[in-house]
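To keep things clear, I will list the structure first and then write my remarks on it.
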Amino acid sequence: MQFDWPTPDEMIYRISRLRRLVVLAVAIPVTVLLLGSLIDPSFISPDRATMAAIAVALLVSGHVVLFPNVPLETICLSIVVTVLAVAAPSIRALSLLAPPDHADAALIILVTLSVLAAGGLMVVLQCVLGLLMTVGPVLRLRLRASIDVPCSPEVARRQFALQPGTRRGRILTGAADRNGFFDVAIVAPQIADPDDPSQPMVVRVSAKIIEQTQTHQQTMLVLPNGAVTVTSERFQAHDGGCRVEITELPGDFTLGMHVMFWLSDQQMDNLSETAGLISGTPGLANGLAHGVSFLSIAAAVLSPRQPVTDQAE
(Lines give C-alpha, C1' and ligand atoms only; values in the text may rest on other atoms or scores of the structure.)
Protein backbone atom coordinates (compact mmCIF):
# COMPACT_ATOMS: atom_id res chain seq x y z
CA MET A 1 0.00 0.00 0.00
CA GLN A 2 1.35 3.41 -0.98
CA PHE A 3 2.63 5.80 1.68
CA ASP A 4 1.41 9.40 1.36
CA TRP A 5 3.15 12.32 3.04
CA PRO A 6 0.67 14.35 5.13
CA THR A 7 -0.25 17.92 4.35
CA PRO A 8 -0.03 20.59 7.11
CA ASP A 9 -3.81 20.38 7.61
CA GLU A 10 -3.60 16.60 7.94
CA MET A 11 -0.80 16.90 10.49
CA ILE A 12 -2.88 19.21 12.67
CA TYR A 13 -5.97 17.03 12.31
CA ARG A 14 -4.16 13.80 13.18
CA ILE A 15 -2.55 15.17 16.32
CA SER A 16 -5.87 16.69 17.37
CA ARG A 17 -7.90 13.56 16.63
CA LEU A 18 -5.35 11.18 18.19
CA ARG A 19 -4.63 13.42 21.18
CA ARG A 20 -5.61 10.73 23.71
CA LEU A 21 -3.29 8.22 22.07
CA VAL A 22 -0.46 10.77 22.03
CA VAL A 23 -0.93 11.59 25.71
CA LEU A 24 -0.85 7.92 26.70
CA ALA A 25 2.12 7.07 24.49
CA VAL A 26 4.10 10.05 25.80
CA ALA A 27 3.12 9.49 29.44
CA ILE A 28 4.55 5.96 29.64
CA PRO A 29 8.25 6.72 28.90
CA VAL A 30 8.16 10.26 30.34
CA THR A 31 6.86 8.99 33.67
CA VAL A 32 9.65 6.41 33.83
CA LEU A 33 12.31 8.97 32.91
CA LEU A 34 11.16 11.61 35.39
CA LEU A 35 10.67 9.13 38.22
CA GLY A 36 14.09 7.66 37.50
CA SER A 37 15.72 11.09 37.68
CA LEU A 38 13.99 11.82 41.00
CA ILE A 39 14.73 8.46 42.61
CA ASP A 40 18.29 8.07 41.33
CA PRO A 41 19.91 11.10 39.65
CA SER A 42 22.77 8.83 38.56
CA PHE A 43 20.28 6.99 36.34
CA ILE A 44 19.55 10.18 34.40
CA SER A 45 19.93 13.80 35.44
CA PRO A 46 16.79 15.98 35.66
CA ASP A 47 18.00 18.14 32.75
CA ARG A 48 18.57 15.13 30.53
CA ALA A 49 15.26 13.63 31.63
CA THR A 50 13.49 16.80 30.53
CA MET A 51 15.23 16.82 27.17
CA ALA A 52 14.49 13.12 26.73
CA ALA A 53 10.81 13.75 27.55
CA ILE A 54 10.64 16.41 24.83
CA ALA A 55 12.34 14.07 22.36
CA VAL A 56 9.85 11.30 23.18
CA ALA A 57 6.90 13.66 22.69
CA LEU A 58 8.24 14.66 19.27
CA LEU A 59 8.87 11.01 18.35
CA VAL A 60 5.34 9.90 19.27
CA SER A 61 3.73 12.92 17.61
CA GLY A 62 5.75 12.26 14.47
CA HIS A 63 4.64 8.65 14.47
CA VAL A 64 0.90 9.41 14.66
CA VAL A 65 1.29 12.09 11.98
CA LEU A 66 3.03 9.72 9.56
CA PHE A 67 1.17 6.54 10.55
CA PRO A 68 -2.31 7.54 11.80
CA ASN A 69 -4.02 4.16 11.38
CA VAL A 70 -1.75 1.98 13.51
CA PRO A 71 -2.49 3.15 17.09
CA LEU A 72 -1.38 -0.20 18.51
CA GLU A 73 2.05 0.32 16.95
CA THR A 74 2.25 3.76 18.57
CA ILE A 75 1.68 2.20 21.99
CA CYS A 76 4.28 -0.49 21.27
CA LEU A 77 6.74 2.21 20.21
CA SER A 78 6.15 3.97 23.51
CA ILE A 79 6.82 0.80 25.51
CA VAL A 80 9.98 0.03 23.51
CA VAL A 81 11.30 3.56 24.02
CA THR A 82 10.72 3.09 27.75
CA VAL A 83 12.69 -0.18 27.72
CA LEU A 84 15.54 1.45 25.80
CA ALA A 85 15.63 4.36 28.25
CA VAL A 86 15.90 1.97 31.19
CA ALA A 87 18.54 -0.15 29.44
CA ALA A 88 20.66 2.80 28.22
CA PRO A 89 22.92 3.01 31.33
CA SER A 90 23.56 -0.73 31.17
CA ILE A 91 24.43 -0.52 27.48
CA ARG A 92 26.92 2.26 28.22
CA ALA A 93 28.42 0.35 31.15
CA LEU A 94 28.74 -2.80 29.04
CA SER A 95 30.65 -0.93 26.32
CA LEU A 96 33.20 0.20 28.92
CA LEU A 97 34.18 -3.44 29.48
CA ALA A 98 35.88 -3.40 26.08
CA PRO A 99 39.49 -2.18 25.76
CA PRO A 100 39.68 1.62 25.88
CA ASP A 101 40.67 1.83 22.23
CA HIS A 102 37.57 -0.11 21.20
CA ALA A 103 35.04 1.32 23.66
CA ASP A 104 33.43 3.64 21.11
CA ALA A 105 33.16 0.89 18.51
CA ALA A 106 31.69 -1.45 21.12
CA LEU A 107 29.12 1.21 22.05
CA ILE A 108 28.09 1.64 18.41
CA ILE A 109 27.70 -2.13 17.99
CA LEU A 110 25.68 -2.42 21.20
CA VAL A 111 23.42 0.48 20.23
CA THR A 112 22.83 -1.07 16.81
CA LEU A 113 21.98 -4.43 18.37
CA SER A 114 19.70 -2.69 20.85
CA VAL A 115 17.80 -0.94 18.05
CA LEU A 116 17.37 -4.24 16.19
CA ALA A 117 16.21 -5.93 19.38
CA ALA A 118 13.78 -3.05 19.93
CA GLY A 119 12.30 -3.67 16.49
CA GLY A 120 11.82 -7.32 17.31
CA LEU A 121 10.25 -6.41 20.64
CA MET A 122 7.81 -4.08 18.84
CA VAL A 123 6.68 -6.94 16.61
CA VAL A 124 6.16 -9.26 19.59
CA LEU A 125 4.36 -6.58 21.62
CA GLN A 126 2.06 -5.73 18.74
CA CYS A 127 1.05 -9.38 18.37
CA VAL A 128 0.51 -9.79 22.11
CA LEU A 129 -1.43 -6.55 22.58
CA GLY A 130 -3.48 -7.24 19.46
CA LEU A 131 -4.46 -10.61 20.88
CA LEU A 132 -5.25 -9.19 24.32
CA MET A 133 -7.42 -6.51 22.73
CA THR A 134 -9.75 -9.12 21.26
CA VAL A 135 -10.05 -11.52 24.19
CA GLY A 136 -12.55 -11.22 26.98
CA PRO A 137 -16.33 -10.89 27.16
CA VAL A 138 -18.30 -8.55 24.93
CA LEU A 139 -19.16 -5.29 26.71
CA ARG A 140 -22.30 -3.55 25.49
CA LEU A 141 -21.30 0.03 26.21
CA ARG A 142 -22.92 2.90 24.32
CA LEU A 143 -20.70 5.11 22.19
CA ARG A 144 -21.86 8.71 21.76
CA ALA A 145 -20.64 11.60 19.61
CA SER A 146 -22.01 14.72 17.97
CA ILE A 147 -20.96 17.14 15.24
CA ASP A 148 -22.34 20.32 13.66
CA VAL A 149 -22.66 20.45 9.87
CA PRO A 150 -23.68 23.35 7.58
CA CYS A 151 -26.84 21.86 6.09
CA SER A 152 -30.47 21.13 6.87
CA PRO A 153 -31.50 18.14 9.00
CA GLU A 154 -32.97 16.46 5.91
CA VAL A 155 -29.68 16.70 4.00
CA ALA A 156 -27.76 15.53 7.06
CA ARG A 157 -30.04 12.51 7.45
CA ARG A 158 -29.52 11.51 3.82
CA GLN A 159 -25.75 11.74 4.22
CA PHE A 160 -25.17 10.27 7.67
CA ALA A 161 -27.91 7.65 7.94
CA LEU A 162 -27.72 4.47 5.87
CA GLN A 163 -30.31 4.26 3.10
CA PRO A 164 -30.85 1.40 0.62
CA GLY A 165 -29.71 1.89 -2.95
CA THR A 166 -27.34 4.81 -2.38
CA ARG A 167 -23.64 5.64 -2.63
CA ARG A 168 -21.97 7.95 -0.13
CA GLY A 169 -18.22 8.41 -0.16
CA ARG A 170 -16.72 4.95 0.33
CA ILE A 171 -20.06 3.37 1.34
CA LEU A 172 -22.29 1.63 -1.20
CA THR A 173 -25.67 0.11 -0.31
CA GLY A 174 -27.89 -2.29 -2.24
CA ALA A 175 -31.64 -2.54 -2.61
CA ALA A 176 -33.77 -3.62 0.34
CA ASP A 177 -35.33 -7.08 0.26
CA ARG A 178 -38.88 -7.89 1.36
CA ASN A 179 -37.75 -8.08 4.99
CA GLY A 180 -36.17 -4.63 4.85
CA PHE A 181 -32.54 -5.81 4.87
CA PHE A 182 -30.04 -4.36 2.43
CA ASP A 183 -26.34 -5.02 1.79
CA VAL A 184 -23.73 -2.43 2.77
CA ALA A 185 -20.21 -2.40 1.31
CA ILE A 186 -17.60 -0.23 3.02
CA VAL A 187 -14.21 0.33 1.39
CA ALA A 188 -11.33 0.42 3.89
CA PRO A 189 -8.49 2.07 1.91
CA GLN A 190 -6.02 1.67 4.78
CA ILE A 191 -6.41 -2.14 4.83
CA ALA A 192 -5.30 -4.37 1.96
CA ASP A 193 -7.46 -7.23 0.73
CA PRO A 194 -5.80 -10.49 1.88
CA ASP A 195 -6.79 -12.17 -1.39
CA ASP A 196 -5.51 -9.28 -3.52
CA PRO A 197 -2.98 -7.06 -1.67
CA SER A 198 -3.06 -4.52 -4.49
CA GLN A 199 -6.72 -3.73 -3.71
CA PRO A 200 -8.27 -2.21 -0.58
CA MET A 201 -10.39 -4.27 1.79
CA VAL A 202 -14.16 -4.15 1.28
CA VAL A 203 -16.17 -4.87 4.44
CA ARG A 204 -19.72 -6.13 3.88
CA VAL A 205 -22.55 -6.04 6.41
CA SER A 206 -26.35 -6.26 6.31
CA ALA A 207 -28.49 -3.37 7.53
CA LYS A 208 -32.13 -2.75 8.34
CA ILE A 209 -33.84 0.52 9.25
CA ILE A 210 -35.78 -0.09 12.46
CA GLU A 211 -37.26 3.39 12.93
CA GLN A 212 -37.15 6.49 10.77
CA THR A 213 -38.54 10.02 11.03
CA GLN A 214 -37.50 13.39 9.62
CA THR A 215 -35.10 13.96 12.52
CA HIS A 216 -34.27 10.46 13.74
CA GLN A 217 -33.20 7.09 12.41
CA GLN A 218 -32.38 3.83 14.15
CA THR A 219 -30.52 1.22 12.13
CA MET A 220 -29.56 -2.37 12.87
CA LEU A 221 -26.32 -3.75 11.41
CA VAL A 222 -25.63 -7.47 11.19
CA LEU A 223 -21.87 -8.00 11.07
CA PRO A 224 -20.17 -10.88 9.19
CA ASN A 225 -19.55 -12.70 12.49
CA GLY A 226 -23.28 -12.58 13.30
CA ALA A 227 -23.01 -9.84 15.94
CA VAL A 228 -25.65 -7.10 15.87
CA THR A 229 -24.85 -3.39 16.23
CA VAL A 230 -27.60 -0.80 16.69
CA THR A 231 -27.05 2.81 15.63
CA SER A 232 -29.33 5.70 16.60
CA GLU A 233 -28.94 9.08 14.88
CA ARG A 234 -30.69 12.37 15.60
CA PHE A 235 -30.67 15.46 13.38
CA GLN A 236 -31.64 18.79 14.95
CA ALA A 237 -31.50 22.27 13.40
CA HIS A 238 -28.78 24.25 15.15
CA ASP A 239 -27.24 27.71 14.50
CA GLY A 240 -27.80 27.86 10.75
CA GLY A 241 -26.98 24.20 10.26
CA CYS A 242 -27.65 20.84 11.84
CA ARG A 243 -26.35 19.04 14.89
CA VAL A 244 -25.91 15.32 14.32
CA GLU A 245 -25.94 13.14 17.43
CA ILE A 246 -25.08 9.49 17.09
CA THR A 247 -25.31 6.68 19.63
CA GLU A 248 -23.99 3.22 18.86
CA LEU A 249 -24.28 -0.05 20.74
CA PRO A 250 -21.61 -2.37 19.27
CA GLY A 251 -22.39 -6.04 19.37
CA ASP A 252 -18.85 -7.43 19.34
CA PHE A 253 -16.64 -4.97 21.27
CA THR A 254 -14.46 -6.28 24.08
CA LEU A 255 -12.94 -3.97 26.70
CA GLY A 256 -9.74 -3.69 24.68
CA MET A 257 -11.67 -2.71 21.55
CA HIS A 258 -13.57 -0.05 23.47
CA VAL A 259 -10.30 1.37 24.83
CA MET A 260 -8.67 1.46 21.39
CA PHE A 261 -11.81 2.97 19.84
CA TRP A 262 -11.73 5.71 22.48
CA LEU A 263 -7.99 6.34 22.20
CA SER A 264 -8.22 6.81 18.43
CA ASP A 265 -11.47 8.85 18.71
CA GLN A 266 -12.79 6.65 15.93
CA GLN A 267 -16.41 7.71 16.14
CA MET A 268 -15.62 11.41 15.69
CA ASP A 269 -13.28 10.51 12.85
CA ASN A 270 -16.15 8.74 11.08
CA LEU A 271 -18.43 11.75 11.61
CA SER A 272 -15.72 14.13 10.36
CA GLU A 273 -15.36 12.09 7.19
CA THR A 274 -19.05 12.43 6.33
CA ALA A 275 -19.10 16.09 7.38
CA GLY A 276 -16.29 16.69 4.91
CA LEU A 277 -18.44 15.26 2.13
CA ILE A 278 -21.26 17.66 3.00
CA SER A 279 -19.08 20.77 3.24
CA GLY A 280 -16.99 19.85 0.19
CA THR A 281 -13.72 20.22 2.10
CA PRO A 282 -10.75 17.90 1.45
CA GLY A 283 -10.93 14.67 3.39
CA LEU A 284 -8.77 14.86 6.50
CA ALA A 285 -10.25 11.86 8.30
CA ASN A 286 -7.91 9.07 9.28
CA GLY A 287 -10.38 6.64 7.74
CA LEU A 288 -9.27 7.98 4.34
CA ALA A 289 -5.54 7.87 5.10
CA HIS A 290 -3.11 5.10 4.25
CA GLY A 291 -2.58 2.12 6.54
CA VAL A 292 1.18 1.89 6.16
CA SER A 293 3.05 1.30 9.42
CA PHE A 294 6.61 1.93 10.52
CA LEU A 295 7.21 -1.81 10.87
CA SER A 296 5.94 -2.49 7.34
CA ILE A 297 8.35 0.09 5.93
CA ALA A 298 11.21 -1.36 8.01
CA ALA A 299 10.36 -4.85 6.74
CA ALA A 300 10.33 -3.61 3.14
CA VAL A 301 13.74 -1.97 3.60
CA LEU A 302 15.35 -4.93 5.37
CA SER A 303 13.76 -7.59 3.17
CA PRO A 304 12.78 -6.10 -0.19
CA ARG A 305 10.76 -8.23 -2.56
CA GLN A 306 12.16 -9.24 -5.90
CA PRO A 307 10.39 -7.59 -8.85
CA VAL A 308 7.68 -9.71 -10.38
CA THR A 309 8.78 -11.11 -13.75
CA ASP A 310 6.58 -11.25 -16.79
CA GLN A 311 4.42 -14.35 -16.48
CA ALA A 312 4.62 -14.89 -20.27
CA GLU A 313 8.38 -15.35 -20.19
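The values are calculated or read from the model by the stated rules, or taken from the named source; none is laboratory data. As the structure is a computational prediction, the values presented were derived from the model and not from experiment. Note: ideal-geometry Cβ built from the backbone for every residue, glycine included; neighbour counts use all protein chains shown. What goes into the accessible areas is simple: the full protein's heavy atoms, side chains included, and nothing from ligands, DNA or RNA. Shrake-Rupley method; radii C 1.70, N 1.55, O 1.52, S 1.80 Å.
Brief remarks follow.
- Translational D in µm²/s for the chain (Stokes-Einstein at 10 °C, 1.306 mPa s, Kirkwood Rh from C-alpha pairs): 70 µm²/s
- Built amide H within the under 5 Å cut-off of Asp265, gap 5+: none
- Relative contact order of segment 176-244, taken over Cα pairs closer than 8 Å and 6 or more residues apart, is 20 percent.
- Legend: residues Phe181, Phe253, Phe160, sorted from most to least accessible area (1.4 Å probe; ligands, DNA and RNA excluded), read Phe181, Phe253, Phe160.
- Per residue solvent-accessible surface (Å²) - the chain, probe of 1.4 Å: 57 Å²
- The Cα trace of segment 1-157 gives Rg and Dmax of 20.6, 77 Å, the first to one decimal, the second as a whole number.
- Sequentially through segment 163-174, phi angles give Karplus couplings (6.51, -1.76, 1.60; θ = phi - 60°) of 10, x, x, 9, 10, 9, x, 9, 10, 10, 10, x Hz, Gly and Pro residues having no value and appearing as x.
- Take every Cα pair under 8 Å whose residues are at least 6 apart in sequence, average their separation, divide by the length of the chain, and the relative contact order is 21 percent.
- Dipole of segment 198-289, positive end: most advanced residue of Gln212, Pro282, Phe253 [Cβ charges, Cα centre]: Gln212
- 3J(HN,Hα) from dihedral phi, segment 260-277, Karplus parametrisation 6.51/-1.76/1.60, rounded to Hz, x for glycine, proline: 5, 4, 6, 4, 8, 6, 5, 5, 5, 5, 4, 5, 5, 4, 5, 4, x, 5
- Spin-label model, Ile12/Ile186: points 7 Å from Cα along the beta carbon direction are separated by 2.8 nm.
- Relative to the current alpha-carbon distance between Asn179 and Leu96, full extension at 0.36 nm per residue lengthens the span by 22.3 nm.
- For Ala145, neighbours were defined as the other residues whose beta-carbon sits under 9 Å from its Cβ, and their charges (Lys and Arg +1, Asp and Glu -1) total -2.
- Of all accessible heavy-atom area on the chain, the percent that carbon and sulfur account for (1.4 Å): 64 percent
- For segment 64-162, Kirkwood radius (reciprocal of mean inverse C-alpha pair distance, Å): 18.1 Å
- Within segment 158-271, all pairs of alpha-carbon atoms sorted by distance into 10 Å bins from zero give the percentages 12, 39, 38, 11, 1.
- The modelled label-to-label distance between Asp47 and Asn225, using points 7 Å beyond Cα along the C-beta direction, is 5.3 nm.
- Backbone phi angles across segment 41-47, fed through the Karplus curve with coefficients 6.51, -1.76 and 1.60 (θ = phi - 60°), yield HN-Hα couplings of x, 6, 5, 7, 5, x, 5 Hz in residue order; Gly and Pro are listed as x.
- C-alpha center-to-center spacing [segment 1-58, segment 226-298] in angstrom: 25 Å
- Only Lys, Arg (+1) and Asp, Glu (-1) charged, at Cβ; the chain dipole about Cα centre in debye: 760 debye
- Under 5 Å between amide hydrogens, built in the peptide plane, is the criterion, and for Ala285 it picks out nothing among residues at least 5 positions away or on other chains.
- Relative contact order (%) - criterion: Cα under 8 Å, at least six apart; region: segment 117-245: 23 percent
- As a rough guide to protection, the peptides 224-234, 21-31 ranked by mean Cβ packing within 10 Å, highest first, stand as 21-31, 224-234.
- Scanning residues 5 or more positions from Ala145 or on other chains, those with amide H under 5 Å from its amide H are Ile246, with H placed 1.01 Å from N in the peptide plane.
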